[in-house]
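Below is one structure; the comments refer to it alone.
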Amino acid sequence: MTFCSNCGSKLSDDNKFCQNCGNPVSPLGLVTQQKQQSITEQFPHQASFQVPKVLGIFKELEPTEKIIYQGVTQTEVIFVKEAEIRKIIGTRERKEVPISISESIVYLTNQRLIFLKLFEISATEIGTTNNLLAGVAGTFYEMPISAVTSVNIRPVKLNKNDEERFLSFFGVENELKLRKPALEIIYDERAATGRAKDYIESMLRRGFLSKLWGRVEMTYDKIFVLGEQCIALQPTLSEQVKKKMRYL
């Protein structure tokens, strides 16, 4: 038996809204203005009840915004910084370094790509065994679709320490996800928002990449979505990116 987080009334398994106050039952997700309107229509005798715009970790979408993909369960997501490094002899090398690994629910609207981070750990190459991202759990990381520049399916590579960290937090049963191709999303980090972005920027301000590799010429931001959801998300996200590019 579950109870309404707003008024405490008992809920049945098939309730989408509380029968007493109209509060959405789903523990995680996005709330649109259309959904708020449907609550009022379903409970006209409680028209004076104002559904909160933001409740807990719910996020309100714009009136013209529609959800076109929603992950059915959480999946592992790796945030990566790729740097182009100038070597002493004048050559350039590109190297990827994981910044964080999270367990997230992925949403795609006709305007944004959104990650609801349920749990997140910092990567080992940062140089500490402590989890610097413990406070990020339960927050959103999002970007406009126009910020996405490339969507591909390719293998993801973690060093031995990060693989061990991944398996220790997410379970050895998820090892196969590291061996299968993942969805690579390259994007303009300047357009993104969220605590993870603030964390990455703080690393750059402290010269994090330079300390690791030397002189950094250019950086690229990537997200890898692991598991079966990468196959389901890839065609829909690719189509949305193409649509946005046609209007640019």
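Derivation of every value follows stated rules applied to the coordinates shown; laboratory data play no part. Bear in mind that the values here come from a model prediction, so they are computed numbers and not experimental data. Neighbour counts run over all protein chains shown; Cβ positions are idealised from the backbone, glycine included.
Sorting Ile121, Ile153, Ile85 by the number of Cβ atoms found within 10 Å of their own Cβ, with the fewest placed first, yields Ile153, Ile85, Ile121. Listing Glu228, Glu82, Glu120 from fewest to most neighbouring C-beta atoms within 10 Å gives Glu228, Glu82, Glu120.
Each peptide in 231-242, 161-172 was scored by the mean count of other Cβ atoms within 10 Å over its residues; highest first, the order is 231-242, 161-172. Here each label is just a point 7 Å from Cα along the line to Cβ, and for Gln70 and Ile89 those points are 5.5 nm apart. Full extension of the chain segment joining Leu118 with Lys243 gains 42.0 nm, where the gain is 0.36 nm per residue of separation less the Cα-Cα distance.
Beyond 27 Å in Cα-Cα separation lie the following of the pairs Lys87/Lys177; Lys66/Lys177; Lys117/Lys180: Lys87/Lys177; Lys66/Lys177.
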